[in-house]
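A.B. asks: If you scroll down you'll find the structure; I have some questions about it.
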Amino acid sequence: MTTTDSVHPVAPEDVRRVTCIGAGVIGGGWVAQFLARGYDVTAWDPAPDGEAKLRRLVDAAWPALTQLGLAEGASRDRLTVAPSLEEACAEAQFVQESAPEKLELKRSLLAQLDAATPAGVVIASSTSGYPMTDMQTEAADPSRLLVGHPFNPPYLIPLVEVAGGERTAADAVAWASRFYEVAGKSVITMDRELPGFIANRLQEALWREALHMVANGEATVKEIDDSITEGPGLRWAFMGPCLTFALAGGEGGMGHMLDHFGPSLKSPWTRLEAPELDKALRDAMVDGCDEAAAGRSIADLVAERDQGVIDVLRATGRLPGQKDAQRGDAA
Ligand SMILES: NC(=O)C1=CN([C@@H]2O[C@H](COP(=O)(O)OP(=O)(O)OC[C@H]3O[C@@H](n4cnc5c(N)ncnc54)[C@H](O)[C@@H]3O)[C@@H](O)[C@H]2O)C=CC1
Ligand SMILES: C[N+](C)(C)CC(=O)CC(=O)[O-]
């Protein structure tokens, strides 16, 4: 990443007009998120039925967004669909690109967006895996191009992973991270480009194993999905895989967990190339868990996890009393 400062016309807190390019599942979701946070949103999509699809998506998202609480002045009437990319970008204060995941398309589209957008305005790509270094090759000013990777649907899942490419200015990355926070997102700002960023790299590992199991007839799709929604998924909604596994070590935490189960990383049931569990990796995991625990004891974390599981069960209507009530409703 370059450290050359680029000049941004507005501070992240002062942005009022956002442009969304590509208005499918993710672009439409971004539109809904930005509208709900009170921005004026201009969208552009080349599909003939693009506007109708976009408005349907926003309408479908609105009840959930209303339940969560709309920002003052937020309205679906503040959405404009522009007739061309150039008109969509002419007055943009931030641009979010969500076009199909094709490298050549992204390269030339980002160059077009760079040419059409006022100088200094940050342009983010929703790409779910391409490093910005590979996408910014044709743009006249690559310093303002970066990745802002959302999760589906962007109007409900808080996380955005922000990463620049080799030619992105560091201050553009900082600007975007702050902007997303102001726009209601939870941001991880990466200081390097990793294939798949962080979350997709993790999801892809799980996904790869799921596909192996289905392809080999080892598990059904339902069994795989149930194994997550009835199992680890309940914990992951509020405590990540490292801290939950630290609790698998009982009072010994991550240290005992690795000493006990570390060798099974080499078991034949994992099809992934396992890393060498050397002292440095062990220490990094133990230290990372200590840091993430932020002073909470194992007992504190157990209590937090248990309460969290109960809350998720309640929220998804799966507490025993709720199940009975649902059965009663249906009768
Ligand atoms: N679907 C998902 O769960 C997630 C997707 N993403 C990323 O978001 C981006 C968009 O993916 P989806 O919304 O799923 O795809 P989609 O197929 O639902 O939507 C893509 C939209 O882009 C439009 N489009 C086609 N050519 C275009 C062009 N040249 N310029 C602008 N728009 C164009 C299409 O008409 C369509 O409405 C991709 O980069 C994808 O990797 C990121 C996170 C999650
Ligand atoms: C399927 N996907 C790789 C496009 C998913 C993502 O990128 C993030 C998500 O929503 O899980």
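A.B. asks: Can you list residue pairs whose Cβ atoms sit under 7 Å apart, with the first residue in the stretch 38-61 being part of a helix (DSSP H, G or I) and the second being at pLDDT below 95 and within 16 Å of ligand 2 (Cβ to nearest atom)? Count only pairs 6 or more apart in sequence or on different chains.
C.D. replies: That search, which allows pairs on different chains as well, returns Ala61/Pro153; Ala61/Tyr155.
A.B. asks: A follow-up question, please. Go through the stretch 21-41 and report how many residues are within 11 Å of Leu57 (Cα to Cα) and either within 8 Å of ligand 1 (Cβ to nearest atom) or modelled with pLDDT under 95 (or both).
C.D. replies: Matching residues across the stretch 21-41 total 7.
A.B. asks: So Leu110 passes all but one of these: (1) surrounded by fewer than 24 Cβ atoms within 10 Å (Cβ to Cβ); (2) without any contact (Cβ under 8 Å) to a residue 60 or more places away in the chain; (3) within 27 Å of Asp40 (Cβ to Cβ). Which condition number does it fail?
C.D. replies: That leaves (1) as the condition not met.
A.B. asks: Same structure again: Please specify each residue of the stretch 182-193 satisfying the condition of being in contact with a helix residue (DSSP H, G or I) (Cβ under 8 Å, 6 or more places away or on another chain) and among the acidic types (Asp, Glu).
C.D. replies: Selection gives Glu193 alone.
A.B. asks: Would it be correct to say that Leu68 is away from ligand 1 (no atom under 16 Å from the Cβ), surrounded by fewer than 17 Cβ atoms within 10 Å (Cβ to Cβ), within 19 Å of the chain's Cα centre (by Cα) and in the same structural domain as Ala174 (by TED's automatic domain parsing)?
C.D. replies: Criteria met by Leu68.
A.B. asks: Let me ask you something else. Condition test on Glu251, is it exposed (fewer than 12 other Cβ atoms within 10 Å of the Cβ), touching a residue at least 40 places away in the same chain (Cβ under 8 Å), among the acidic types (Asp, Glu) and part of a helix (DSSP H, G or I)?
C.D. replies: Criteria met by Glu251.
A.B. asks: Do you know which residues across the stretch 186-204 are within 14 Å of the chain's Cα centre (by Cα) and free of Cβ contacts under 8 Å to residues at least 60 places away in the same chain?
C.D. replies: Across the stretch 186-204, the qualifying residues are Ser186, Val187, Ile188, Thr189, Met190, Ile198, Ala199, Arg201, Leu202, Gln203, Glu204.
A.B. asks: Please indicate, with yes or no, whether at least one residue in the stretch 158-172 is modelled with pLDDT under 95, in a loop (DSSP other than H, G, I, E, B) and not aromatic (Phe, Trp, Tyr).
C.D. replies: For the stretch 158-172, residues modelled with pLDDT under 95, in a loop (DSSP other than H, G, I, E, B) and not aromatic (Phe, Trp, Tyr): present.
A.B. asks: Let me ask another. With respect to Ala170, determine if the residue is more than 16 Å from ligand 1 (Cβ to nearest atom), over 17 Å from Gln93 (Cβ atoms) and assigned by TED's automatic domain parsing to the domain that holds Pro131.
C.D. replies: Yes, satisfied.
A.B. asks: Return the pairs, sorted by first residue and then second, in which the second residue is part of a loop (DSSP other than H, G, I, E, B) and aliphatic (A, V, I, L, M), the first residue lies in the stretch 148-163 and is in contact (Cβ under 8 Å) with a residue 40 or more places away in the chain, the beta carbons are less than 7 Å apart, and the residues are 6+ apart or on different chains.
C.D. replies: Within 7 Å, the pairs are Phe151/Ile157.
A.B. asks: Within the stretch 196-229, track down each residue that is within 15 Å of ligand 2 (Cβ to nearest atom) and of a type in the set (Lys, Arg).
C.D. replies: Hits for the stretch 196-229 are Arg201, Arg208.
The values are calculated or read from the model by the stated rules, or taken from the named source; none is laboratory data. Because the structure is predicted, anything quoted here is derived from the model rather than measured. Positions of Cβ are backbone-derived with ideal geometry, glycine not excepted, and every protein chain shown enters the neighbour counts.
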